[in-house]
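Before any comments, here is the structure.
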Amino acid sequence: MVALLLSPAIKRSLLALLLAALVAVPFVPEIIYPIFVMKVMCFVLFACAFNLLLGHTGIVSFGHAAFFGSSAYITGYALRDMGLSTEIAILAGVLFSALLGAVFGVLAIRRQGIYLAMITLALAQMVYFTFLQAPFTGAEDGMQPIPRGKLLGLIDMNSDLSLYFLVLASTCGGLWLIHRIVNSPFGEVLRAIREHEPRARSLGYAVNRYKIMAFALSAGLSGLAGSLKCVVFRLASLTDVHWHLSGDVILMTLLGGMNSVFGPAIGAIIISALRHYFDALGAWVTVAVGLIFIACVLLFRRGVLGEIDHLLATRFASRRIVKEQKNAQI
Amino acid sequence: MEIFGIPHQAFLGQIMLGLVNGAFYAVLSLGLAIIFGLLRIVNFAHGAFFMVGAFVAFLIGRDLGIGYWPAMILVPLIVGFLGVVFERVALRRIYRLDPLYGLLLTFGMVLVLEGGFRVAMGSSGQRFATPEALRGVWNLGFMILPIYRAFVILVAVVVCAGTWIVIEKTRMGAYLRAATERPELTQAFGINVPVLLTLTYGAGVALAGFAGVLAAPIQQVSPSMGSDLVIIVFAIVVIGGLGSVFGSAITGLGLGVIEGLTKVYYSEASTTVVFLVMALVLLLRPAGLFGREEG
């Protein structure tokens, strides 16, 4: 609705402003820490990719950390043990997680709703234990330090500045792709499945194929986020595949608002900022995140963006009614 | 004597360990299945309440000097009361919504409980002494059996059987079954279904707390002790079929044994075997071993 209320020109200039601010970030490290901004971008991409399934297809996956984390591990392996260049390492991670997503999809869509969520959770736990025991992951210590490699074999990613622009470009590319997917005929079919699956099926859509496709796309883009985080922090660890992260990404999406394309981005920013700036409080942050979760479910299920939309929409609607009543009186 | 190339001491020992784990799986999945049956809520907080049970037993032992045996009664009451409060304050508000919100709400509760205990007690594990009457081992001739582990298996079987009797043979159980099938109709007959929901959640959670007391002397009592367990229990409930209360208890014991056997023959897979079985069951029998097909 916010999108509807703003004219395209205003929207375009807001977007340009945001982009300009993001481009300026690495040149003003005294205002905001660029590494933190990179981390936020990774989680923004992750949450928006997750929402392809939750918001747009109506599938709740409780195992998205598996895609994020395994992509991080694969990228780390390609960079450290195989010495590949950065973009190929990232691509390898993305491909692996997209494939993993398809496998999860094939198994999980045999059930629906709550069962499906539990199945994805269990499958993700299996991935977690696999990485815990695989010889190259360093188990509890994680994989570190991972060299950042050279982009196209030319540009050294050890420079934080070039890395920042790689992350920015990849995130924007990923978000653009999600925007395109959501607004494509394919996205329409996904929404049709969300709203009324039997009807979509009776209209002749191969529902299962669409769901598996959505799983693979969502997983691949989540994988991109994981790979980028691995390159930024030179680290792939068990926290990247742990189910707490799967819970975090659900919270980000719920908090931001799952009925929009970029609502989850707002949730991701809020949660990352909370974790970053209140890190010193230790386990209290976990308690706070839990309380936010509970508040989200009980009080504002539309999420931040959704609530703003709702507020604006009702205000405009009531104004319109008042106007119409006046007209009627005249 | 060897069984498939494994000394039978090790073989029986692992089956024993598997049965002990299976006992916990059984008690936990039983509570989970009862709660799901009536409330249609997948209680993610089940593992957290298990952890709370173990901690309450530890704390009342340390600070109030209350021993193991009274704790077995007291702790489920305390944990059950916590569950009742949680149901009244929070869960109650979301029954009309998609069941997924229940999963998310209870997940939030997990974070609050785990984080809270981490703040109060630290992340490292606490030791809880085995009660004196149950220390020591029995030498059965063919294997050494720690008495406490035998006790755990026995108690779990008794608790599962007792729960089954309550559900199948008592008036309370009849109300519960009726409300599970047709809540509106049961309410129309003058049975207070909202109170029944509250009590059921309390009872299910109390079972988890009870399992926590049982586990305290075997495992380290730590804030994260329930968090990985609950996912295994989820997988077990998917395998057994969520519709079936008793099926999930049997599946729990069975999978404990399978896990134990995997430890003997291919220990690398022992942590993943439950999930592999789940994937297999989903491919062959999507509704679960004991479940009915439903949405």
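Which value does Rg/Rh take for segment B:197-295 over its C-alpha atoms, Rh per Kirkwood?
Looking at segment B:197-295, the ratio lands at 1.00.
So what's the net charge close to A:Met38: Lys and Arg +1, Asp and Glu -1, counting the other residues with Cβ under 13 Å from its Cβ?
Within the 13 Å Cβ shell, the charges total +3.
Would you list, by chain and number, the aspartates and glutamates whose Cα falls below 15 Å from the Cα of A:Lys150, excluding same-chain residues fewer than 8 positions away?
By straight Cα distance, A:Lys150 reaches A:Asp81, A:Glu87, A:Asp160.
For segment A:172-306, what is Rg from Cα atoms divided by 2.2 N^0.38 Å, rounded to two decimals?
Taking the Cα Rg and dividing by 2.2 N^0.38 Å, one obtains 1.20.
Taking 8 Å as the Cα distance limit and 6 or more residues as the minimum spacing, I'd like the relative contact order of chain A as a percentage.
Taking the mean separation of contacting Cα pairs over the length of chain A, I get 30 percent.
Per residue of A:123-135, what is the mean number of Cβ atoms on other protein chains within 10 angstrom of that residue's Cβ?
Mean shielding count: 4.
What list of ³J(HN,Hα) values in whole Hz, one per residue of segment A:302-318 in order, does the Karplus curve 6.51 cos²θ - 1.76 cosθ + 1.60 (θ = phi - 60°) give from phi, with Gly and Pro shown as x?
In residue order, the calculated couplings are 6, x, 4, 5, x, 5, 4, 3, 4, 4, 4, 4, 5, 5, 4, 4, 5 Hz.
What is the calculated FRET efficiency for B:Leu276 to A:Arg209, with r their C-beta to C-beta distance and R₀ = 25 Å, to the nearest 0.05?
That gives a FRET efficiency of 0.45.
Compute the distance from the alpha-carbon center of segment B:99-116 to that of segment B:204-219, in whole Å.
19
In whole Hz, with x marking every Gly and Pro, tabulate ³J(HN,Hα) for segment A:175-183 from phi via Karplus 6.51 cos²θ - 1.76 cosθ + 1.60, θ = phi - 60°.
In residue order, the calculated couplings are 5, 4, 4, 4, 4, 5, 4, 5, 8 Hz.
Using helices alone, what [θ] at 222 nm do you get for chain B, with -39,500 (n - 2.57) per DSSP H run of 4 or more residues, divided over all residues and rounded to the nearest 500?
Only helices count here, giving -23500 deg cm²/dmol.
Restricting to Cα atoms and excluding each atom paired with itself, what does the Kirkwood estimate give for segment A:33-299 in Å?
About 18.5 Å for segment A:33-299.
Skipping prolines and chain starts, which residues have an amide H placed within reach, meaning under 5 Å, of the one on A:Ala236, given they are 5 or more residues away or on another chain?
A:Met143
Angle between the Cα long axis of helix A:34-57 and the longest principal axis of chain A, 0 to 90 degrees, nearest 10?
The two axes meet at around 60 degrees.
From the helices alone, meaning DSSP H stretches of at least four residues, give me the mean residue ellipticity at 222 nm for chain A, per-run term -39500 (n - 2.57), in deg cm²/dmol to the nearest 500.
Result for chain A: -25000 deg cm²/dmol, rounded to the nearest 500.
Expressed as a whole percent, how much of the Cα-Cα distance distribution for segment B:157-223 exceeds 16 Å?
57
Based on the Cα atoms of the protein assembly as shown, what semi-axes does the equivalent ellipsoid have, where each is the square root of 5 times one gyration tensor eigenvalue, given in whole Å with the largest first?
Square roots of five times the eigenvalues give 43, 32, 23 Å.
With every atom except the alpha carbons ignored, what do you get for Rg and Dmax of chain B, in angstroms?
Values for chain B (Cα only, Rg and Dmax): 19.3, 64 Å.
Let me know the mean shielding of A:105-113 by other chains, meaning the per-residue number of their Cβ atoms within 10 Å of its Cβ.
Per residue, the number of nearby Cβ atoms from other chains is 4 on average.
If you place +1 on the Cβ of every Lys and Arg, -1 on the Cβ of every Asp and Glu, and leave all else neutral, what size is the dipole of the protein assembly as shown about its Cα centre, to the nearest 20 Debye?
Rounded to the nearest 20 debye, it is 1620 debye.
Distance in nm between label sites at A:His196 and B:Arg135, each 7 Å beyond Cα in the beta-carbon direction?
So the label points at A:His196 and B:Arg135 sit 7.0 nm apart.
HN-Hα J couplings of segment B:75-84 from phi, Karplus 6.51/-1.76/1.60, θ = phi - 60°, integer Hz, Gly and Pro as x?
Karplus values, whole Hz, x for Gly and Pro: 4, x, 5, 5, 5, x, 5, 4, x, 4.
On alpha-carbon atoms, Rg over Rh for segment A:78-203 using Kirkwood Rh?
Checking Rg against Rh, the ratio lands at 1.06.
Cut-off is 10 Å between beta-carbons; in what order do B:Arg92, A:Arg180, A:Arg194 appear when sorted fewest neighbours first?
Ranked by crowding around the Cβ, least crowded first: A:Arg180, B:Arg92, A:Arg194.
Relative to the longest principal axis of chain B, what angle (0 to 90°, nearest 10) does the C-alpha long axis of helix B:227-240 take?
Helix B:227-240 sits roughly 80 degrees off the main axis of chain B.
Compute the distance in nm between two label points, each set 7 Å from the Cα along the Cα-to-Cβ direction, one at A:Arg12 and one at B:Glu184.
5.3
Out of all Cα-Cα pairs in segment A:116-167, roughly what percent, to the nearest whole number, are more than 17 Å apart?
Beyond 17 Å sits 59 percent of the P(r) for segment A:116-167.
May I ask for the angle, rounded to the nearest 10°, between helix B:273-284 and the longest principal axis of chain B, with both axes built from Cα atoms and the value confined to 0 to 90°?
50
Rule-based calculations on the coordinates, nothing more; no lab input. These numbers come from a predicted model, not from an experiment. Don't worry about glycine lacking a Cβ; one is built from the backbone with ideal geometry, like all the others, and counts go over all protein chains shown.
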